[in-house]
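To start, the structure under review is shown below, and the notes come after it.
All of the numbers you see were taken from the coordinates with simple rules; none came from a lab. Since the structure is predicted, the reported quantities are computational estimates derived from the model, not experimental observations. Neighbour counts are summed over all protein chains in view; Cβ atoms, including those assigned to glycine, are modelled from backbone coordinates with ideal geometry.
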Amino acid sequence: MNTQDERVAEFRRLHSTGCFVMPNPWDVGSARALEQLGFKALATTSAGHAWTLGRADNQITLEQTLDHLRVVVDAVGVPVNADFEGGFAVAPEQVNVNVSLAATTGVAGLSIEDSTGDKGHPLHDFDLAVERVRAARQAIDDSGTGIVLTGRSEGFVVGRPDIDETVRRLQAYAEAGADCLYAPRIGTVEQISAIVAAVAPKPVNLLINAPFITVSEAAALGVRRISVGGTLARTAWAGFLQAAQEIADAGEFSGFEGLPNVDALFSPDPQT
């Protein structure tokens, strides 16, 4: 697939039936490797991207994010969904402007969160949160791209694990134009089932960042899309830090055993 239109069409088709896994690469190499493993769509991770720059999550600028999206989209042939955090703005009007910019990067979808970054008031007020999703929807419609809009409610991330409020927000985001709904860090069958039922027939994204459920089990609950957030990036960092710590502490190199042939993933000559 070479055009944004083709990728958007494929991304929408993936959401229409069944359940697919959309893992989260953090750079070009990890994106290409995941595509080679056969995944039909990918999603960026704000955390994974931030770590490559030596920063914590939510410390990346709009410009850095837009550049990152273009680089990842250009590196692969499958649809890419953008982790667009909170739209890099509070006011709906600026969310609209920023989503319009994201739509020019070639992504097939993007998500808008309702978290504020303020520990004392971690979620945007309900009406403002809905207006922000509506503004993102308008920007996408005006762009003519048809990219998939995901509405995210972050209560379970920011210390407000209220399933009733989460459902209320996701239903409102669906009515405001979100194509897919997402409540990261829900972690029980009951919570998943409640959200799937509440927003049906619109698809639900499930974050799996711990081994609490399998793909087939999630699919049986009606989940259409699975992502892993920054967890694959954390897995890579775990191996790196463990091996480096052993060198620093003990002067030993046992972490260098059983390593993959990474060059073979990217070599144009399979014999190399």
Mean-position separation - Cα centroids, the range 222-272 and the range 64-129, in angstrom: 28
Highest-MSF residue in the chain out of GLN94, GLN138, GLN59 [GNM, Cα springs under 10 Å]: GLN59
Mean Kyte hydropathy of -0.5 or more with a Cα span along the axis of at least 27 Å, helices from DSSP in the chain: 231-250
Antiparallel content of DSSP bridges confined to the chain, in %, to 5: 5
Listed residues GLY18, GLY230, GLY258, most fluctuating in the chain (Gaussian network, C-alpha, under 10 Å): GLY258
Relative contact order of the chain, pairs being alpha-carbon contacts under 8 Å that are 6 or more residues apart, as %: 18
Nearest-20 debye value, the range 1-149 charge dipole, Cβ charges on Lys, Arg, Asp, Glu: 420
Interchain or long-range residues, amide H under 5 Å from VAL204's placed H: LEU181, ARG224, ARG225
Listed residues PHE11, HIS49, PHE156: farthest to the positive end of the dipole of the chain (Cβ charges): PHE11
Mean Cβ neighbour count within 10 Å, used as a protection proxy, ranking 162-173, 80-91 highest first: 80-91, 162-173
Over the chain: helical MRE at 222 nm, DSSP H runs n ≥ 4 each giving -39500 (n - 2.57), nearest 500: -14500 deg cm²/dmol
Cα-only radius of gyration and Dmax that characterise the range 213-272, units Å: 17.7, 50
Global form of the range 4-229, assessed from the alpha-carbon gyration tensor, a/c cut-off 1.5: rounded
Ordering of 4-17, 105-118 by burial proxy (mean other Cβ atoms within 10 Å per residue, highest first): 105-118, 4-17
Average Cα contact separation per residue, the range 144-214, under 8 Å, 6 or more apart, as relative contact order %: 32
